[in-house]
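Input: a single structure, listed below in structure tokens.
The values are calculated or read from the model by the stated rules, or taken from the named source; none is laboratory data. Source: prediction; values computed, not measured. Here Cβ is always computed from backbone atoms with ideal geometry, including for glycine, and neighbour counts include all displayed protein chains. Ligands, DNA and RNA are excluded from the accessible area calculation, which covers all protein heavy atoms including side chains. Shrake-Rupley method; radii C 1.70, N 1.55, O 1.52, S 1.80 Å.
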Amino acid sequence: MSQAEHTGTEGAVTAHTETTGKAGPPAAASTAVAGEPRARRPQWTLGLFHSELLTTLRRWRTLALLGVLAAVPILIGIAVRIETGGGGGPDGGHGGEGPAFITQITNNGLFLVFAALAATLPVFLPMAVGVVAGDAIAGEANAGTLRYLLVAPAGRTRLLLAKYATVLAFCLLATLVVAVSALIVGALLFPLGEVTTISGTTISFTEGLLRAALIAVVVAASLAGFAAVGLFVSTLASSGIAAMATTVGLLITVQILGTIPQLDAIHPYLFPHHWMSFSDLMREPLYWDEVRQNLGLQALYAAVFGSAAWARFTTKDINA
Amino acid sequence: MTAVIETHGLTKRYRGGQLAVDRLDLTVPAGSVFGFLGPNGSGKTTTIRMLMGLIEPTAGSVTVLGGTMPKAVSSVLPQVGALIEGPALYGFLNGRDNLARFDAADPTADPRTRRARVAAALDRVGLTPAANKKAKAYSLGMKQRLGLAAALLQPRRLLVLDEPTNGLDPQGMREIRSLVRELAADGTTVFLSSHLLDEIEQVCTHAAVMAQGRLLTSGSVADLAAGGRGRLTVITPDTGDAARLLKESGVTELTIAEDRVTGDPPDDTTELSDITAALVRGGVRVRGFGVERASLEDAFVALTGEGFDVAG
Ligand SMILES: Nc1ncnc2c1ncn2[C@@H]1O[C@H](COP(=O)(O)OP(=O)(O)OP(=O)(O)O)[C@@H](O)[C@H]1O
Ligand SMILES: [Mg+2]
């Protein structure tokens, strides 16, 4: 028997005498009934989010995904470095093929941040988000832990909100991992200095850094719509693997649809349609139009698929 | 006594068409240790899932601690600890972090006392030495204990335990039984499902028997076992004299088998010691004397049939 028994919250007296192993008479003998109603705590939703985030980050899978994302800028950096013969000379003229911003990297390591985000945004970043979002509900349902969260009782709406908030936090974290890794590799392999914008003007390195931070946040926000799609799929599936596979499959399908010119009419409604608009934030002055369209589209997806996930999850029979 | 759990016409038909629970009327009195018995597939877990608001009944109603489920889950469930169809754990977290995770999901749990409550719960189920081990490295019995610990993170008014001793060693089973008695002594109502009849007989005050989704019977364990009446047994080589003297003392339905005379004891007002005194005075060599309660197992088999087949 432990003395910690007396830590029951808010006056819920544990009428616990030292009765180890003794078969006592029921109820009548005790002075207070165990487990009287306790008040709900106002900050509790934050506590659930915190627990959710911590649990997600302690999954081996999450760490592996972040590791892969951190490796992408390293690969790009090394490839560019080898390509340019290690001289770092000012031969980085325009007209180079390949992903955006790649050609400027040799002049300024900061451009590796933009190049790495441009390279990971179409596939790697959303794939990682799809895995985490797809697993969010279905993985716990499959493992059975979902039923214990629900009888705790986490509350279905709150749990879903905490899950979505966690996936959004992961979007931001994943983007930051790419950006910070790129910044470190860029600083190690290439010179740093003033930044030439797409418009041709020059801004200070500090302002360049701020632009990079702004772009990282916008890139993370670009993933919000897809995150909601993944969460919705997760409420439908009964196994985490199936949900992850479906979510990633959906991403690839939509990316392919986006490249078919005959489907022009639907392109503006596909969630990746405006993803690359983040490069407009490298103009002088900042050009917000398409970025705003992108964020609006993400909000629309989040609202539609978030509601669908809510409708499904709050009425679902939890059998696993 | 007020009812802690009450169901009326509770019915669950799964999507495949399987009728798992069929018009169940169940009343669990406050302060009882309630045994929920039934063969495999008789609908015990399905009933528990409906009690906990995890699945919606097809028809009928469930009231737990005065709240209608599943509507009242947020106010009712913080006062309920549950183990449903075995434990489910985060394999990549250790025992302590698993409990902290489930505690964080409880809206009424105070994060400042979490460490102490987690430690106390681990201590209660004897898992303190394995608290830092990853749950995926736990044995079946250790997982079961951790699941129980999760149900004991807070003082509870009701504990719902679905086969709590599943996978436990004999020592563990004894501990769980004494834990259940201890909790009951504190005023917690315990609702536990089991296949182990002697377990139910040892710890439960009340029991209900299910078969194929239907409630066969329910009541106090003493009443269920042979309608509340035990059999009086005298072991003696002088069976003839014993039978005669017992009959004079008011014992009925006498039968003699080898050195054993059994019969229904007279009404409660007669002192059993008077009967032994009469036997001794009559010169009967009494080698054994006692009232044997018919076992719950006899009652159970009589109700559900010898062939313990699962419901199709
Ligand atoms: N998710 C489900 N979908 C369809 N049928 C189900 C589902 N879960 C259970 N059943 C069926 O419902 C019936 C009752 O099952 P339940 O799990 O409630 O039995 P139980 O009494 O808990 O059995 P056990 O003693 O083996 O744990 C069984 O016939 C089973 O096949
Ligand atoms: Mg069961």
Report yes if some residue within region A:57-66 is of a type outside the set (D, E, K, R), under 18 Å from residue A:164 (Cα atoms) and surrounded by fewer than 17 Cβ atoms within 10 Å (Cβ to Cβ); otherwise report no. yes
In region B:47-78, anything within 16 Å of ligand 1 (Cβ to nearest atom) and more than 9 Å from every other protein chain (Cβ to nearest Cβ) is listed as B:47, B:48, B:50, B:51, B:57, B:58, B:59, B:60, B:62
Return the residues of region B:79-88 that are assigned to a loop (DSSP other than H, G, I, E, B) and either more than 7 Å from chain A (Cβ to nearest Cβ) or over 28 Å from the mean Cα position of the chain (by Cα) (or both); say none if nothing qualifies. B:85, B:86, B:87
What are the residues in region A:258-270 that are part of a loop (DSSP other than H, G, I, E, B) and open to solvent by less than 80 Å² (accessible area, probe 1.4 Å), if any? A:258, A:260, A:270
Check whether at least one residue in region B:211-219 is open to solvent by 10 Å² or more (accessible area, probe 1.4 Å), touching a Pro at 6+ places or on another chain (Cβ under 7 Å) and within 16 Å of ligand 2 (Cβ to nearest atom), and report yes or no. yes
Residue under question is residue B:35, and the condition is that it be touching a helix residue (DSSP H, G or I) at 6+ places or on another chain (Cβ under 6 Å), closer than 21 Å to residue B:149 by Cα and away from ligand 1 (no atom under 16 Å from the Cβ); does it hold? no
Within region B:127-135, does at least one residue satisfy the condition of being touching a residue at least 40 places away in the same chain (Cβ under 8 Å), open to solvent by less than 30 Å² (accessible area, probe 1.4 Å), farther than 23 Å from residue B:163 by Cβ and within 11 Å of chain A (Cβ to nearest Cβ)? no
Inside region A:202-211, can you point out the residues that are loosely packed, with under 15 Cβ neighbours inside 10 Å and in a helix (DSSP H, G or I)? A:205, A:206, A:207, A:210
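Residues are listed down the side, and each one gets a yes or a no for (1) open to solvent by less than 60 Å² (accessible area, probe 1.4 Å); (2) under 30 Å from residue A:145 (Cα atoms); (3) touching a residue at least 40 places away in the same chain (Cβ under 8 Å):
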| position | (1), (2), (3) |
| --- | --- |
| A:219 | yes, no, yes |
| A:234 | yes, yes, yes |
| A:256 | no, no, no |
| A:272 | yes, no, yes |
| A:276 | no, no, yes |
| A:284 | no, no, yes |
Residue set B:104, B:100; condition at the interface with chain A (Cβ under 8 Å from one of its Cβ atoms), free of Cβ contacts under 8 Å to residues at least 60 places away in the same chain, buried (at least 24 other Cβ atoms within 10 Å of the Cβ) and not aromatic (Phe, Trp, Tyr); output residue B:104
Exactly one of B:16, B:9 is more than 14 Å from ligand 2 (Cβ to nearest atom), more than 10 Å from chain A (Cβ to nearest Cβ), not in a loop (DSSP other than H, G, I, E, B) and not basic (Lys, Arg), and that one is B:9
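One line per residue, one yes/no per condition, for (1) farther than 21 Å from residue A:122 by Cβ; (2) assigned to a helix (DSSP H, G or I); (3) modelled with pLDDT of 90 or more:
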residue: A:284; (1), (2), (3): yes, no, no
residue: A:291; (1), (2), (3): no, yes, no
residue: A:295; (1), (2), (3): no, yes, yes
residue: A:298; (1), (2), (3): no, yes, yes
residue: A:312; (1), (2), (3): yes, yes, yes
Do any residues in region B:56-67 that are in contact (Cβ under 8 Å) with a residue 60 or more places away in the chain have Cβ atoms under 9 Å from those of residues that are of a type in the set (Lys, Arg), where the two are at least six apart or on different chains, and which pairs are they? B:65/B:157
Among the residues in region A:99-119, are any open to solvent by 10 Å² or more (accessible area, probe 1.4 Å), within 10 Å of chain B (Cβ to nearest Cβ) and free of Cβ contacts under 8 Å to residues at least 40 places away in the same chain? no
Looking at (1) touching a Leu at 6+ places or on another chain (Cβ under 9 Å); (2) in a loop (DSSP other than H, G, I, E, B), which is the only condition residue A:199 fails? (1)
Might you check whether a residue that is under 18 Å from the mean Cα position of the chain (by Cα), facing chain A (nearest Cβ under 8 Å) and not in a helix (DSSP H, G or I) occurs anywhere in region B:109-121? no
For region B:136-163, the count of residues that are polar (S, T, N, Q) and open to solvent by 50 Å² or more (accessible area, probe 1.4 Å) equals 1
Regarding residue B:80, is this residue more than 20 Å from residue B:148 (Cα to Cα), among the β-branched types (Val, Ile, Thr), in contact (Cβ under 8 Å) with a residue 12 or more places away in the chain and more than 16 Å from ligand 2 (Cβ to nearest atom)? no
So which residues in region B:83-94 are under 17 Å from residue B:49 (Cα atoms) and either of a type in the set (Val, Ile, Thr) or open to solvent by 10 Å² or more (accessible area, probe 1.4 Å) (or both), if there are any at all? B:84, B:85, B:86, B:87
Based on what the data block shows, is residue A:246 in contact (Cβ under 8 Å) with a residue 40 or more places away in the chain and more than 20 Å from the chain's Cα centre (by Cα)? no
What's the number of the only condition in (1) charged (D, E, K, R); (2) within 11 Å of chain A (Cβ to nearest Cβ); (3) under 21 Å from residue B:224 (Cβ atoms) that residue B:44 fails to meet? (2)
Of the residues in region B:164-176, those that are within 13 Å of ligand 2 (Cβ to nearest atom) and open to solvent by 50 Å² or more (accessible area, probe 1.4 Å) come to B:166
Filter region B:39-62 for residues that are among the hydroxyl-bearing types (Ser, Thr, Tyr) and open to solvent by 40 Å² or more (accessible area, probe 1.4 Å); which is nearest to ligand 2 (Cβ to nearest atom)? B:58
Is it the case, given these coordinates, that residue B:235 is at pLDDT 80 or above, open to solvent by 80 Å² or more (accessible area, probe 1.4 Å) and aliphatic (A, V, I, L, M)? no
Evaluate the following for residue B:161: is it more than 11 Å from every other protein chain (Cβ to nearest Cβ), within 16 Å of ligand 1 (Cβ to nearest atom) and over 15 Å from the mean Cα position of the chain (by Cα)? no
Taking region B:177-210 only, how many residues are part of a strand (DSSP E or B) and either at the interface with chain A (Cβ under 10 Å from one of its Cβ atoms) or open to solvent by 20 Å² or more (accessible area, probe 1.4 Å) (or both)? 3
Criterion first (part of a loop (DSSP other than H, G, I, E, B), open to solvent by 20 Å² or more (accessible area, probe 1.4 Å) and modelled with pLDDT under 85) does residue B:255 satisfy it? no
